[in-house]
1. Neighbouring Cβ atoms within 10 Å as the yardstick, rank C:136, B:29 fewest first.
2. How large is the Rg to Rh ratio of region A:379-513 when both quantities use alpha carbon positions and Rh follows Kirkwood?
3. For region A:377-428, what is the Kirkwood hydrodynamic radius in Å, using each pair of distinct C-alpha atoms?
4. To the nearest 10 degrees, how steeply does helix A:286-309 sit against the main Cα axis of chain A, on a 0 to 90 scale?
5. Could I have the simple spin-label model distance between residue A:2 and residue A:65, label points 7 Å from Cα toward Cβ, reported in nm to one decimal?
6. Which whole-number percent is the relative contact order of chain A (Cα, under 8 Å, 6+ apart)?
7. Looking only at Cα atoms, what is the convex hull volume of region A:1-51 per residue, in Å³?
8. With N set to the number of residues, divide the alpha-carbon radius of gyration of region A:119-227 by 2.2 N^0.38 Å and report two decimals.
């Protein structure tokens, strides 16, 4: 079994090295396009085998080698494959495999085809380290690894020029990549502080040791650790107020958005909270947990509201990702860790599918993303329409698709905890979710064929790509059906969360209420956007100049706020410091260099080529030496 | 009575004379003379110290120094002749080809 | 007492002769005084009981080396005085004087060497030449042979360096400094 763990972990790494070392500078090579997905698939096979093993025999703990051994600090390079990590592994490798195959089609004409695969596999490797590590240090390494890969991949088309925000809100891929990276630095500082606090107070970073020690710590320290770790999670999972990078990250290639910014990396924050559930379920940190739930709910609603008006295909999906992450945090904060993990897995499948569908549309529309310029695409893109329809239905939470089970469970949890405000917000958001996801589907695929006016000639994606997407579609449909067996599997590790009798009693009308909101959202979307002829959708100037529309369109002016109140003052301060730096630090360094240069320049005259003067210099040296020895004799 | 320090002081004085010659002279042949003076000064010191300790090693070193001096003169004079053929002078101020 | 007188006679004469060697402008004077000084130095060796060394000094230095110098001087123009430019005579004498003072100071200090081990004691009842021979061919055999080879090599080198183009007059004809073009030609010829 140990070998399987290593295979699952290192197969993507081998793929990354393979593509990176051998083909980095060569043009597109189909070998890379075959070998890399194959290696990820091997990793998937190993993960699934491990999942069955874990279900039968329990967790596997392997220690590969001693990694850091300094003084009292002892961190082995160890991995744990238990119920939580194996779930993540299967989710990550499933989505990765599909995305790898999909990229073959999507990146077909890109000149950096091999580089892309190298980065993508490196990302999978980092993500595997993140989820499999048995200590916080390893988690942090994976955490930073996925951050770096995310940076590389968002900025994949780094050669695109910077533009002004009114043309492209993300300005350029390299700008977006830097934004994501820097935002994550802020959060990672919090995470590091949390890890340091753990080490100071526990003396170890191993999960099992730390979690055993936690109840003996002081309340204040526990709260501090919980907050610090959650700040890290906020950055990675793009929770308010660190959320702006996620939508800008859509500048990356679409397979990247599907894999990193929807299915896996952004859920790392949720994973962290789930992983640290012994900490967050302590009574001492119940306030923090409640805050997590409240923030999650807020983000769920907040992001959904922005998705209502956005016209960018990928950004809408990005907002919905934000919103769903909010749901997961709500569940985790309320103590329903297994439900959060369940939603994480289900969400990964249908959201990746949604993104890949969006990628197909982009591919068909020559990278056009404005859904107002599309419409009626279902005629030419039947397969994609089907996939995106399924994914949107799952996202909207209609039975019997995956989203229905997982999201419903979260909403039920909010009801069960008696936090009715959160509950209602989540229910209402479910309605919004249904509306915006079908607004997007209808605007893209139904209604008038507006794309003809803009001269596009859409065409369906390659057939093998569509076939490769089918596993995700199937999973998006059936994943929810395994709720009970998943529950049984996961509660061996995660704390059980039972609905109270009262909730159980009310479950039917709660479900119906959510369903009502979702269905009405879809119907409104249909009426507004899917019709043809007289009632066809038209842009409404009056609505678009309204206050709320503008507010939502500009993302509540938060990016602008950041630019005005953080970026600009920071730039001003940096300029000042730069001047000081030039006057003090640079000047000092320059002075040293000048002194050395002058010394050399003035002592160069010794080298005049005259042997006699060399002899004189040697004589001076000899006399000095003899003097020194004489002094030594006299002294000694 | 003549002690070892007499010999050593004399050796030191002769060495200094040779040293002055090395520093002062620009003619290569004169420089050779000066080095001979220095070598002889050292020989005196070796012989004196060997005598003082009743040890023949001092004399042995003096022998080898004489051997080295002899070969140095042989090779050195050959080189001087070649130099003189090339530049028609032995003055170091004129033969300053090592200018960097 | 004789030793005392002899030492001072030898000492004063060597210092004076060597000073002439170092300061004289005439090469011939310098060489003659150098030869004289070396004779005087052999006197020190006899005083110190190193008879063999003294004899070697006379034969090698005064005989061979000085003869070599004398022959070499025939190549050079020695009738004229040597013209030399003294850049910083004060510095030279300052350094030399300083060195002398330091040596005097060091050597007039009482020698701390009582615990020195005698490496090759002089065997009683054997003459100096015999003793030297015994030590030279036992303890110092390898250095002795190496010295022999060195002398041989030096001889060959001296002959080759001085012997090339012996037929050309050195004092009258001046070879032109090798210029770039002819250097190239020489290289070409050599490569052929």
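Bear in mind these aren't lab numbers, they're just calculated from the coordinates by the rules spelled out. In this text the structure is predicted, and so the values were computed from the model without any measurement. Neighbour counts are summed over all protein chains in view; Cβ atoms, including those assigned to glycine, are modelled from backbone coordinates with ideal geometry.
1. Working: C:136 18, B:29 22.
Least crowded to most crowded, the residues run C:136, B:29.
2. On the way: Rg = 18.7 Å, Rh = 17.2 Å.
Here Rg/Rh amounts to 1.09.
3. Details: mean 1/r = 0.0813 Å⁻¹.
Over region A:377-428, the inverse of the mean reciprocal pair distance is 12.3 Å.
4. Once rounded, one gets 70 degrees.
5. 1.4
6. Values: 1017 pairs, mean separation 71.1, N = 636.
Relative CO of chain A lands at 11 percent.
7. On the way: hull volume 2.6 nm³, N = 51.
Taking the convex hull of the Cα positions in region A:1-51, it is 51 Å³ per residue.
8. Details: Rg = 17.9 Å, N = 109, 2.2 N^0.38 = 13.1 Å.
Scaled against compact globular proteins, the figure is 1.36.
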